[in-house]
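The values are calculated or read from the model by the stated rules, or taken from the named source; none is laboratory data. Predicted, not measured: the structure shown is a model, and the values here were computed from it. Because the Cβ atoms are built from the backbone with ideal geometry, glycine has one as well, and the counts that use them run over all protein chains shown.
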Amino acid sequence: MPETFSARLARHCGLGLLILIACFALLGPALIGIDPATQSLGDSLLPPGASHWLGTDVYGRSVLARIAHAAQLSLGLALLAALSAALPGVLTGVTASWCGGRIERGLVMLADACMAVPGLLLVLLFAAIAPGQYWALYIGLALSLWVEYFRVTRAASRPILHGDAVQASRLLGFGKLYVLRRHVLPALTPLLATLLPLSAAQAVLALAALGFIGVGLQPPTPELGVMMIEFFPFYSEAPWLIAAPVTLLILLVLGMMLLAGDKELT
Amino acid sequence: MSSTQTSAWRGLLLRRAIQVLALLLIIGSVCFLMVRALPGDMAMRIAASRYGYDFVGSAAASAVAQELQLQRPLWQAWLEWLGQLLRLDLGQSLVSGEAVWHEMAHHLAASLDLAVTTLILAMLIGLPLGVAAAVRPGGVADRIALLFAVVLRATPAFLLGILLMLLLAVHWGMLPAAHDDQGGTLWLPALTLALGLAAGLARISRSAVREALASPACEFARSKGLSDFQALLRHALPLAALPVLAYLGVHLVLLVEGTVVVESLFAWPGVGHALVHAVFARDVPVIQGAALSMGLLFILFNLLLDALMLAIDPRQRKPGASDA
């Protein structure tokens, strides 16, 4: 199905937005050169100016530096979680539709079991095992995201594996690896290109939501949700403070959704 | 015919029953890990909570360890923990000392209130907007629905909640953000959750109704002399209800996840609020109880939706349909 012009434009916009944010996240901390934890209580709540482009928070920490570190954290953890959910999800999905029978039923049951627990709840519970630890959040995110990959991969690879093309390949004597590489993988690539940004967006939102209600990462860490709750009390006297993490979060999620070609948007 | 029908219902119930068991297993195990991950020596801690910190020595601790068999291997303790869960013994809250079931019943009622109001509100906003957008593609309703969807998809529930709180409660004073007698406090959290869902519903119902309007069934209804409105009401909308229900099924997760965040934001006394506070207090029995109630509620809603879809759509009752 050919992409419409507007759909392609949306994808390119999303990609551009994400590249900009990624550059900011990767290069920002080094270029700004200010430690995000350095306090200077004399410079509390400075408005945006030449030395601090986005002003300072109540402890006099540079908001720009903190935002750059937060972007790095959110983007990094979300990508890591999405990728490490994709690998087992795709492998089990293809295995299920390839083997069929008891193995498929077992895997479907496993996926059903994981779906019984809403994603954010699982992440929250893991975060409660080890409060404020990255690894706990990461495991929770990856565990809650893999099911979607499994379901999509299983549904998409089944018609291919049972189709004429694969049968012809097998009759010609090509092995399993060849079938995977030449038949299954090309069909899965566009689906993964949609799923990866969507699940990364889900991870970013979960991370921020948990930080916001105080059960995710803990305060000294520059994290978007934590920063929002820190800045919230000053929303009327220093509105630029709360605007910074909110804008970054919305742009990040919007970029990922546009890149995914979200059907509900186009 | 009737045997295939009962088998469809049985498969549906079986799938959800397995999910309930999995829910118990997963949440039970995670909470078990949570207890084990608490810092400090377990025997010492329990002894201290029994006799007070001043009277605890290693002798008391080892007596407690003897009595509660704390030196057992991990897997035995884990099995016993799960056994307790299967007997539906959730224990007492470490903070209030009340039975967890008793506390949860109260919170569940509040959460159910919020969830049902949210669903009704979302359908009241989203569905008419979607239908209006479908009837006149490119019209005003269509554009509003698209803008609505783009803005709301990228705005997380907690931000939307704060915005609504500031606008409706603080600046315009239309709705109370929090109140002690709960009069009208339901509206703001419900609206926060409903708007996100309504945006999705509007987009999905738009494409579903457009597809249904273009279907041969509708074409025939019009050619046999029904007016456009009658054809829409009698033939297009029931056909379009299925994808909308399927969408709701997938996005129920959002509702459950949203309750955790939005309930804490608005201090709504539901399960999500209880869960977050239990996490702060490291009150593991309540964490377990709240997570279980939430999961059970989620599975129950899913079951209801499945049943509704099965009742509306005769195609799903055919043999082999559950495979698709």
_Among the residues of segment A:202-223, are any among the charged types (D, E, K, R) and either in a helix (DSSP H, G or I) or under 22 Å from A:G14 (Cβ atoms) (or both)?_
no
*Which listed residue, of A:A116, A:A130, is within 23 Å of B:A278 (Cβ to Cβ), within 8 Å of chain B (Cβ to nearest Cβ), surrounded by fewer than 16 Cβ atoms within 10 Å (Cβ to Cβ) and not hydroxyl-bearing (S, T, Y)*: A:A130
_With the requirement that a residue be of a type in the set (D, E) and within 14 Å of chain A (Cβ to nearest Cβ), what does segment B:202-235 give you?_
B:E211
*Could you tell me which residue of segment B:25-47 is surrounded by the most Cβ atoms within 10 Å (Cβ to Cβ), considering only residues that are modelled with pLDDT under 75 and among the small types (G, A, S)?*
B:A47
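Each row is one residue, and each column tells you yes or no for (1) at pLDDT 85 or above; (2) farther than 28 Å from A:S144 by Cβ.
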{"residue": "A:A193", "(1), (2)": "no, no"}
{"residue": "A:L196", "(1), (2)": "yes, no"}
{"residue": "A:A201", "(1), (2)": "yes, no"}
{"residue": "A:I229", "(1), (2)": "no, no"}
{"residue": "A:P239", "(1), (2)": "no, yes"}
{"residue": "A:L249", "(1), (2)": "yes, no"}
{"residue": "A:L258", "(1), (2)": "no, no"}
_Looking at B:A278, B:A217, B:A274, can you tell me which residue is in a helix (DSSP H, G or I) and surrounded by fewer than 21 Cβ atoms within 10 Å (Cβ to Cβ)?_
B:A217
*Quick check: anything in segment B:303-322 at pLDDT 80 or above, at the interface with chain A (Cβ under 10 Å from one of its Cβ atoms) and touching a helix residue (DSSP H, G or I) at 6+ places or on another chain (Cβ under 8 Å)?*
no
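So that you can scan it fast, the table gives a plain yes or no per residue for (1) crowded, with 21+ Cβ neighbours inside 10 Å; (2) within 13 Å of chain A (Cβ to nearest Cβ); (3) farther than 22 Å from B:N302 by Cα:
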| residue | (1), (2), (3) |
| --- | --- |
| B:A99 | no, no, yes |
| B:A105 | no, no, no |
| B:L114 | yes, no, no |
| B:I120 | no, no, no |
| B:A134 | yes, no, yes |
*Output the number of the condition that A:L125 fails; it satisfies all remaining conditions of (1) within 20 Å of B:L254 (Cβ to Cβ); (2) in contact with a Leu (Cβ under 8 Å, 6 or more places away or on another chain); (3) without any contact (Cβ under 8 Å) to a residue 40 or more places away in the chain.*
(2)
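Residues are listed down the side, and each one gets a yes or a no for (1) facing chain B (nearest Cβ under 9 Å); (2) over 20 Å from the mean Cα position of the chain (by Cα); (3) on the phi > 0 side of the Ramachandran plot:
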{"residue": "A:L177", "(1), (2), (3)": "no, yes, no"}
{"residue": "A:R182", "(1), (2), (3)": "no, yes, no"}
{"residue": "A:L185", "(1), (2), (3)": "no, yes, no"}
{"residue": "A:L196", "(1), (2), (3)": "no, no, no"}
{"residue": "A:A203", "(1), (2), (3)": "no, no, no"}
{"residue": "A:Y235", "(1), (2), (3)": "yes, yes, no"}
{"residue": "A:A243", "(1), (2), (3)": "no, yes, no"}
{"residue": "A:T247", "(1), (2), (3)": "no, no, no"}
_segment A:24-39, subset β-branched (V, I, T) and part of a loop (DSSP other than H, G, I, E, B), residue farthest from the chain's Cα centre (by Cα)_ = A:T38
*B:G83, sole failed condition from (1) modelled with pLDDT under 80; (2) within 14 Å of chain A (Cβ to nearest Cβ); (3) part of a helix (DSSP H, G or I)*: (2)
_Residue list for segment A:228-249, restricted to those being in a loop (DSSP other than H, G, I, E, B) and surrounded by 20 or more Cβ atoms within 10 Å (Cβ to Cβ)_ = A:A238
*Run B:A267 past the list (1) buried (at least 16 other Cβ atoms within 10 Å of the Cβ); (2) on the phi > 0 side of the Ramachandran plot and report the number of the one that doesn't hold.*
(1)
*asked:* List pairs: first residue in segment A:170-185 and touching a residue at least 40 places away in the same chain (Cβ under 8 Å), second residue assigned to a helix (DSSP H, G or I) and among the β-branched types (V, I, T) anywhere in the structure, Cβ distance under 9 angstrom, at least six positions apart or on different chains.
replied: A:L180/A:V94; A:V184/A:V94; A:V184/A:T153; A:V184/A:I160; A:V184/A:V166
*With the checklist (1) surrounded by fewer than 14 Cβ atoms within 10 Å (Cβ to Cβ); (2) at pLDDT 85 or above; (3) among the hydroxyl-bearing types (S, T, Y) in hand, flag the one item A:T92 doesn't pass.*
(1)
*The listed residue being touching a helix residue (DSSP H, G or I) at 6+ places or on another chain (Cβ under 8 Å), of a type in the set (A, V, I, L, M) and modelled with pLDDT of 80 or more, out of B:L191, B:L226, B:L213*: B:L191
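For (1) within 14 Å of chain B (Cβ to nearest Cβ); (2) loosely packed, with under 14 Cβ neighbours inside 10 Å, each residue gets a yes or a no:
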position	(1), (2)
A:Q167	no, yes
A:L188	no, no
A:L191	no, no
A:I213	yes, no
A:G216	yes, no
A:P222	no, no
A:V226	yes, no
